[in-house]
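Here is the structure we will look at, set down as C-alpha cells.
The values are calculated or read from the model by the stated rules, or taken from the named source; none is laboratory data. For clarity, every value in this text was computed on a predicted model and none was experimentally measured. For neighbour counting, all protein chains shown are included, and Cβ atoms are generated from backbone atoms with ideal geometry for every residue, glycine included. Side chains are part of the model used for accessible areas, which takes the heavy atoms of the whole protein and leaves out ligands, DNA and RNA. Shrake-Rupley method; radii C 1.70, N 1.55, O 1.52, S 1.80 Å.
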Amino acid sequence: IWTIAIALIVVALYGAIKLVPTVPSGGNGGKIAEVTGEDRSKGSGKPVLVEYSDFQCPACKRFLPVLKQISDELSDKVTVVYRYFPLMSIHPNAREAAEAAEAAGRQGKFWEMHDKLFDNQEAWAGQSDPSPTFENYAREIGVNVDDWKRDATSSEVRQRIERDIQDGSQAGI
C-alpha cells in the first residue's frame with residue numbers, strides 16, 4: 001500500500017510540474033522590452049509599471065481600479081505603460097478591441113478608449129461583431145470616426161499590436 005501511495009504522489013507531483021508554464025527559451029531571456037515613445041503611457045516618474053493586458057479579460061478589468069489609483073495619485077512618481085496582449089483563443093473580440101484602442105490613440109484618445117472598453121466590457125465581449133459598438137465608442141470620445149475606422153483596420157495598427165504580443169511572449173507573459 002505504501003508503495004502505491006508513494007507512486008501516486010510522485011505521478012501527481014510530476015503532473016503538477018508539467019502544468020506549470022515555463023518562460024520560453026531564447027528571445028530576450030524573460031526581460032520586458034524597453035519602454036519607447038510608441039508605448040501608451042501616463043505618468044512621469046520612476047519606477048515604470050508595464051502592464052500587458054487584454055480588453056476582454058475580466059481579471060484585467062478587475063485590476064483596473066488599482067492601476068487608476070496608482071496613476072492618479074502617483075503620476076509624478078510612477079509611469080504606467082499599457083501593452084496589448086489579447087488572448088484571442090479565449091477572448092475572440094480582444095484583438096479588435098486592441099485595434100480600436102490603438103486607432104483612438106493615434107488621435108490622442110487612447111486612455112479614453114481604454115476606459116470606455118473596460119467600463120463597457122460586458123456589453124461588447126459577447127457580441128459576434130463588436131465593430132459598430134467600438135465605432136460608437138469612438139464617436140463618444142470625440143475622435144474623427146473616418147480616420148479612426150481607417151486606422152483600426154490598418155496594417156500599422158496590427159503590426160503595433162503584434163509587436164506587443166511578441167515582446168510579451170518573449171518575456172514569458
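Counting only residues that are in a loop (DSSP other than H, G, I, E, B) and open to solvent by less than 60 Å² (accessible area, probe 1.4 Å), the range 36-61 holds 7 of them. Scanning the range 124-164 for residues that are of a type in the set (A, V, I, L, M) and either touching a Pro at 6+ places or on another chain (Cβ under 8 Å) or under 24 Å from Y52 (Cβ atoms) (or both) turns up A125, A138, I141, A152, V157, I161. Would you call F118 in a loop (DSSP other than H, G, I, E, B), open to solvent by less than 10 Å² (accessible area, probe 1.4 Å) and in contact (Cβ under 8 Å) with a residue 24 or more places away in the chain? No: the conditions fail for F118.
Which of the residues that make up the range 66-99 are in contact (Cβ under 8 Å) with a residue 40 or more places away in the chain and part of a loop (DSSP other than H, G, I, E, B)? Across the range 66-99, the qualifying residues are F85, P86. In the range 62-95, the qualifying residues are those that are open to solvent by less than 30 Å² (accessible area, probe 1.4 Å) and among the β-branched types (V, I, T), and the one that is farthest from E112 (Cα to Cα) is V78.
Of all the criteria given as (1) touching a strand residue (DSSP E or B) at 6+ places or on another chain (Cβ under 6 Å); (2) small (G, A, S); (3) open to solvent by 60 Å² or more (accessible area, probe 1.4 Å), the one not satisfied by A98 is (3). If I ask for residues that are without any contact (Cβ under 8 Å) to a residue 40 or more places away in the chain and either over 18 Å from E38 (Cα atoms) or surrounded by 18 or more Cβ atoms within 10 Å (Cβ to Cβ) (or both), which ones from the range 101-114 would you list? Across the range 101-114, the qualifying residues are K109, E112, M113. Can you pull out every residue in the range 101-111 that is over 13 Å from the mean Cα position of the chain (by Cα) and of a type in the set (A, V, I, L, M)? Within the range 101-111, A103, A104 qualify. Listed here are the helices (runs of 4 or more DSSP H) enclosed by the range 127-173 that have at least 3 residues being open to solvent by less than 30 Å² (accessible area, probe 1.4 Å), in contact with a strand residue (DSSP E or B) (Cβ under 7 Å, 6 or more places away or on another chain) and not charged (D, E, K, R): 155-170.
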